[in-house]
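Here is the structure we will look at, set down as structure tokens.
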Amino acid sequence: MPVIQPKQQIWREPQQIELPAEFKTSFTLPDLVLQTVYRRGIQNSGDLNAFLDFRKYSPASPYDLPDMERAIHRTIKAIKGREIIGVWGDFDVDGQTATAVLVSALRSIGANVVYHIPVRSRESHGVQLEKLKDFLKQGVNLIITCDTGISANDPIVYAQNSGVDVIITDHHSLPEVLPPAFAVINPQMLEPMHKLRSLPGVGAAYKFAEALLLETNRAEHTNSLHDLAALGIIADIAEIRGDARYLVQSGIDRIRNSSRPSIRAMLDGAEINHEQLTEEHISFSLAPRLNAIGRLSDANPMVEFLLSEDPALLSVTVNQLEGLNARRKLLCDQVFQGALAQIERDPALLDHPVLMLSHPEWPAGVVGIAASRLTAIFHRPVILFVAPQDEKMRGSARSIEGINITSAIAQQQEHISTFGGHPMAAGLSLNPQNFMQFQRGINRSVEQMMVNNPVIQELEIDAFFQPSSLELEDIQSIELLAPFGAGNPPLTFAAREMRLVGSTLVGKTKEHLQISVEDTNGNESKLIWWQGAGFPQPDGVFDLAYTARTSNYRGQLQVQVEWLDYRVNESCLSISSVQKQTNLANHDHRIAKLPQEVLLRIIREHKPQIWREGTDFYSVTGSPRNDLISSENLVVWTVPPSQLILDELLYSATPSQIFWFGVIPAENDPAFFLKNIAKIIKNRLVKQETSFNIDQLARSSATTTTAVIQAVRWLAARGDISILEEDADHLRLELGGLRNEVLGYEMKTRLQKTLTEIKSYRDYYLRVDVNNLIQIR
């Protein structure tokens, strides 16, 4: 198995906020809860009341969605004229529940309705033209799509030209040109912060159903659909804010108190007490069961199942779901292990921005799940292809925060047959002969995304608590903020100076870890590390990040603590050449609004030595790292590119007093750095100066020698220069050379990673206590 590296994350520590008096006095909530919601943008009592209690929330009008009025009028006309309305859905949970919502609403007002959900193994996603032709043979006069349709231009042209109007309800990314449907209802058309913008497919379908029921005097039926909406919203990992949060809260409440028979049957099959249902039960128990049938079989019967009250039908279907879910787990593990085996045989697969793997016999229904697991491990976009011989390759893509994988795929349209998706997930198909061009193109696109907007993994810490001090009442107060999910993550706690006591593999396939840790007082705590098997465990003293929630074990509520991340506790490191100096005077001017004026005063009063490198917008004279000499007073003007360089310059200067500034050099921008170093090198080569000192280039660019070497190698791979000689300290170069695209991708990828690390360190430097930066003498 390939070595699994821990995800490198920057911890953002909480800043205490002075809460408005009105905000504090309006609620009898713990300060931690109030601090959290205030930091998350809920900053008045009205908004907080609506956030905590869905009954106090005012949902947005469905008519805020463009084309809604037009779509409703056409549907009512169809109902009155006894036209056959065809609902076209999708096979994932979002699509199944969206289809059930529309069918339920239409039936309740007497519509003549039929429906179709594509069978994944035969049709794949979306509206396929040949299957649409069969669907229309039923005499369908009006089509309403849900969770699909926004990219189905050709089928919609065909339907409209055949005299069949199409109403699209979808939430996927908008194409450059919308299909010529009768009406297009998509929350992506709204402003980014609109209350409806984060709705997934079932949310868009629900708002359509809500408007239709209001217009036909059946408004009392709308609330009965909230449980179905909650299933789809949570399963699709939609951002839980605005109307999406309202529907999830209301839906969970409905399931707890008056669950529809189908959902109650699934809960019984999964041995979940409906009265204690949370969003986690939907995410990890109900959604996988519903997804299993869509991925491995035919999801059409799920519409009748979700709407049925027939005990026999419910019992048979639940047993089928249990069997398919067990099969899904097995197949997913097989694909995941097969992918790891490919990487182990060819580690160079990990040298590219996008990890792409294929196999002719992988089941298409589970490759997306396996891709998600690989993304979490290798921290990059992953595309897994099913590639049967002499057939099109069909891929499922998963991404990481900051990389819009659907946009990257869209830039390769000349190489692919079909595609669609979200920023974090997509599906596509292509001819095998186009694979190499597609691979090169998408690597280039993702690489550019990472250069333009370096991906920095951040972990937002909400509070520091020792896990042993958490009480059940604390967690119950925090869970008032539920449902948690995208846009409202569970609170993350951190604890300093922990030690690992022991760990045990747990789970049916030993994929999880039960971890025991203790604090400096010897208080021991147990945590569960989901999917933690195979990851490195901390050695020595470390800081721990974790979440905590209530769990019901054998009928008794208790606190369950879940491992998230760890970092080495730098205050406890033993450093041979540099050690902390406690009698050092520090003056923190990192956020000074007029740093040059502050510096002039320091120069007058203390006559300091100034460390400055790179390009900035101030007229400040200073010395680079290697020119520093021993000095009583030192100004750190430029934000250094690494802790090692900061250690070295402090070791050289041995100051008793440090004045810290936070001037970011222009070279922190990757594009500026590359342009500047290329200009320096080319200008000197034009003057026939072929010998370059690596450290001197690093000083002039305010960067590391690693970044310089990688930049030079990338320029050489582009054919701009040639490297004639290279040793640890010097380079001999000349203009011109041979272009090597493969090497160029590799060099630029490595350079991008290095520049991201530098940027991450500079972000850390600007926010950490200055005492944690000092490790001198």
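The values are calculated or read from the model by the stated rules, or taken from the named source; none is laboratory data. Not measured: the values here are computed from a predicted model. Glycine gets a Cβ as well: all are built from the backbone with ideal geometry, and neighbour counts include every protein chain shown. Accessible surface areas use protein heavy atoms only, side chains included; no ligands, DNA or RNA. Shrake-Rupley method; radii C 1.70, N 1.55, O 1.52, S 1.80 Å.
Listing for the model above:
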read-out	value
Candidate set: the stretch 431-474, residues that are in contact with a strand residue (DSSP E or B) (Cβ under 6 Å, 6 or more places away or on another chain) and among the acidic types (D, E); chosen: the one modelled with the highest pLDDT	E460
R241 basic (K, R), at negative phi and assigned to a helix (DSSP H, G or I)	no
Index of the failed condition, K207 passing every other in (1) part of a helix (DSSP H, G or I); (2) free of Cβ contacts under 8 Å to residues at least 40 places away in the same chain	(2)
Criterion (assigned to a helix (DSSP H, G or I), out of contact with any Lys or Arg (no Cβ under 6 Å at 6 or more places or on another chain) and of a type in the set (D, E)) met by exactly one of E309, E304, E275, E271	E304
Elements of type helices (runs of 4 or more DSSP H) in the stretch 685-777, at least 3 residues being within 30 Å of G441 (Cβ to Cβ)	705-717, 741-767
Top-ranked residue in the stretch 42-60 [being open to solvent by less than 50 Å² (accessible area, probe 1.4 Å) and in a loop (DSSP other than H, G, I, E, B); ranked as farthest from H116 (Cα to Cα)]	I42
Considering residues of the stretch 518-547 that are among the small types (G, A, S) and open to solvent by less than 20 Å² (accessible area, probe 1.4 Å) only, the residue modelled with the lowest pLDDT	G532
M450 being of a type in the set (A, V, I, L, M), in a helix (DSSP H, G or I) and surrounded by fewer than 20 Cβ atoms within 10 Å (Cβ to Cβ)	no
Filter result (under 25 Å from S283 (Cα atoms) and open to solvent by 10 Å² or more (accessible area, probe 1.4 Å)) within the stretch 81-96	D92
Residue among V366, V335, V303 that alone is under 23 Å from E123 (Cα atoms), open to solvent by less than 50 Å² (accessible area, probe 1.4 Å) and in contact with a Cys (Cβ under 8 Å, 6 or more places away or on another chain)	V366
Residues within the stretch 700-734 that are more than 17 Å from L674 (Cβ to Cβ) and in contact with a strand residue (DSSP E or B) (Cβ under 9 Å, 6 or more places away or on another chain), tallied	8
Whichever residue in the stretch 152-170 is in contact (Cβ under 8 Å) with a residue 60 or more places away in the chain and buried (at least 24 other Cβ atoms within 10 Å of the Cβ) and, among such residues, is farthest from A410 (Cα to Cα)	I167
